[in-house]
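Below is one structure, written out as C-alpha cells; comments come after it.
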Amino acid sequence: MNVTVFGTGYVGLVQGAVLADVGHHVVCVDIDAAKVAGLKAGRIPIHEPGLEALVVQNQRAGRLGFTTDAAEGVAHGELIFLAVGTPPDEDGSADLQHVLAVARTVAQHMDGPRTLVNKSTVPVGTADKVRDTVAAGLAARGVAHPFEVVSNPEFLKEGAAVADCMRPDRIVVGTASAAAERQLRELYAPFNRNHDRMVVMDVKSAELTKYAANAMLATKISFINEIAGLAERLGADIEAVRRGIGSDPRIGYHFIYPGAGYGGSCFPKDVKALIHTARGVGYVPEVLEAVERRNDAQRQVLAERLLAHYGGSLAGKTIAVWGLAFKPETDDMREAPARNLLAALWAAGARVQAHDPAAMQEARRIFGERPDLRLCDSPEAALQGADALAIMTEWKQFRVPDFALLARSLKDRMVFDGRNLYDPAVVARHGLGYVSIGRQPVKP
C-alpha cells in the first residue's frame, strides 16, 4: 500500500520505517529541511535501538522516502498518517495546532479519496475536528473528494519502539467505516499472521483508550511510590513488598518499580491532558489528580534526601550523577526526573559531574556551558573528585558497578539511588552509605 506519514518524531519515523520494512511504500513528510536531509543521509535524530538500520535498509530498497514537499506526500498516500506533536498548553490541554495544520494541508492537496489515520495522542473529539477541518478545506476549493478519519493510537515504549511496532500486543482502530476498517486490516495484515491483534471500536473510544492506558501505567508507578514512602516509615522493604504483590497475576510486575518518579514525553503530558478533558466535561478525576501530585512530589525525593544528609547546604560539594534520560535506551530528557535533581543541586550550591550513555548531546543542548556542570564520557570519569553519587536512570551499565572503586572515589562514600539498583547489604559490605527508595538507609 502507499502510505504517507506526516511527522518524523518517535512515532512517525518508527511507524513509517516498520511499515516500509514489511513491504509498504512509505513517504515521510516533515517541515524541517535539515532533519529531512539528515534522514536521507541515514542520520537518525533520536536514539532508538534498531531504528537506524531499518531506515537505511528500507531507503536503499526504495520503500521509504523523506520529503518536505507536502503536496508530494498527499499525492502519494492512500493512507495518510498524522504523527505530529501534541505538546501541552499552559492549562495542561493538548495543543492540536500541528494536527489541524496537517488536516488543512491534506485538504489543500488531495485529488481523490484519502483515509486520514490519526496516530498522534489526541483528546477525545479530535477526529471530529480533523474531519471538519478537511471538509472546510475541500469546500473552500469547491471540490468534494471522499475521505475518512480513523483513530489508530500508538502504544510504543521509547527505547523499545521498533520492537513494539514490529510485534504489537494490540492494534487499536477507531472507525465506523467498513471500508476504512478493510484498509487498516490490509495495512496491518503482516502483523496479524499469528493471531488477530486488531481491536476495532468507535473513534472516541479509541482516542480515550490511549490516554487511559498511559494513565493506568502512571497510576501503578505513583501507587508503588506511595507505598514506598509508607514502607520507609514502617521499617519495611519495598522491594520485598513489590515482589509479593507482583506475583499476583492481577497486579503483575510491570510498572511497580519504586523510584524517583516518571517522566518522558507521554505520561506527564497525557495525565495532565486527561485531567483537563475530565474537568472540561464537569467530571472530577480524583485518582488522576492524586497520581499527578504523588509524581510531582516523588521527583523531588532524592534531592531532599541529599540535602537532608548534608544539612541543607551543598556548597562546595560535587555530586556525580549517573543517568540523565528519563528511562534507559533513549536520549529523551523531556520531563526527566534528573532535571529536577540537577536544578535542586545547583540551587543548593553543588557542582555536578554527570554521565548518561545516550543523552550527553541532549544535555549539552538543554543546559549549555555552565561552570557547575561537567558532562563526563564515562561513569568512572563522573566519580573523579566527587563527594557522593546519585543514580537517576536504570541503565544496564550501572547495574553492576565496581563497588570498591565507588568506595575509593567518593569522598563522603555516599550513594543516593533513585532507581533501587543495588542490594543494600552488598553496598554496606564495601563501606558505602546507601540511600534508596522505600528501604532503610545504610550508614557509611
Every residue from the stretch 21-39 that is open to solvent by less than 10 Å² (accessible area, probe 1.4 Å), over 16 Å from ALA83 (Cα atoms) and in contact (Cβ under 8 Å) with a residue 12 or more places away in the chain: LEU39
Of the conditions (1) touching a Leu at 6+ places or on another chain (Cβ under 7 Å); (2) more than 19 Å from ILE46 (Cα to Cα), TRP346 satisfies every one except a single condition; which number is it? (1)
From ALA160, ALA107, which residue is open to solvent by less than 50 Å² (accessible area, probe 1.4 Å) and under 21 Å from the mean Cα position of the chain (by Cα)? ALA160
Quickly run through the stretch 423-444 and pick out the residues that are among the hydroxyl-bearing types (Ser, Thr, Tyr) and either closer than 19 Å to SER378 by Cβ or not in a loop (DSSP other than H, G, I, E, B) (or both). TYR434
Could you check the stretch 351-380 and list, in sequence order, the residues that are acidic (Asp, Glu), over 24 Å from LYS396 (Cα atoms) and open to solvent by less than 40 Å² (accessible area, probe 1.4 Å)? ASP372
Filtered residue count, the stretch 402-423, keeping only those that are surrounded by 18 or more Cβ atoms within 10 Å (Cβ to Cβ) and under 30 Å from the mean Cα position of the chain (by Cα): 8
Can you name the residue in the stretch 45-70 that is of a type in the set (A, V, I, L, M) and open to solvent by less than 40 Å² (accessible area, probe 1.4 Å) and, of all such residues, is farthest from the chain's Cα centre (by Cα)? ALA70
When residues of the stretch 333-346 are limited to those that are open to solvent by 10 Å² or more (accessible area, probe 1.4 Å) and at negative phi, the one farthest from the chain's Cα centre (by Cα): TRP346
Test GLU239 against the criterion of being more than 21 Å from the chain's Cα centre (by Cα) and in contact (Cβ under 8 Å) with a residue 40 or more places away in the chain, and give yes or no. yes
Residues being in a helix (DSSP H, G or I) and open to solvent by less than 10 Å² (accessible area, probe 1.4 Å) - total across the stretch 163-189: 3
When the residues of the stretch 71-104 are filtered to those that are open to solvent by less than 30 Å² (accessible area, probe 1.4 Å) and part of a helix (DSSP H, G or I), which remaining residue is nearest to GLU292 (Cα to Cα)? VAL99
From the residues in the stretch 190-237 that are open to solvent by 80 Å² or more (accessible area, probe 1.4 Å) and at pLDDT below 95, which one is nearest to LEU116 (Cα to Cα)? ASP196
Condition check: buried (at least 16 other Cβ atoms within 10 Å of the Cβ), modelled with pLDDT of 95 or more and within 18 Å of ASN152 (Cβ to Cβ). Does VAL18 satisfy that? yes
ASP296 vs. criteria acidic (Asp, Glu), in a helix (DSSP H, G or I) and touching a helix residue (DSSP H, G or I) at 6+ places or on another chain (Cβ under 7 Å): no
Just for the stretch 268-312: of the residues that are among the hydroxyl-bearing types (Ser, Thr, Tyr) and farther than 29 Å from ARG399 by Cα, which one is least open to solvent (accessible area, probe 1.4 Å)? THR277
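Yes/no per residue for (1) hydrophobic (A, V, I, L, M, F, W, C); (2) more than 22 Å from ASP270 (Cβ to Cβ):
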{"position": "ALA308", "(1), (2)": "yes, yes"}
{"position": "THR318", "(1), (2)": "no, yes"}
{"position": "LYS327", "(1), (2)": "no, no"}
{"position": "HIS355", "(1), (2)": "no, yes"}
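The values are calculated or read from the model by the stated rules, or taken from the named source; none is laboratory data. Owing to the predicted nature of the structure, the values given are computational and were not obtained by experimental measurement. Ideal geometry is used to build each Cβ from the backbone, glycine not excepted, and the neighbour counts take in all protein chains shown. All accessible areas refer to the heavy atoms of the entire protein, side chains included, with ligands and DNA or RNA removed. Shrake-Rupley method; radii C 1.70, N 1.55, O 1.52, S 1.80 Å.
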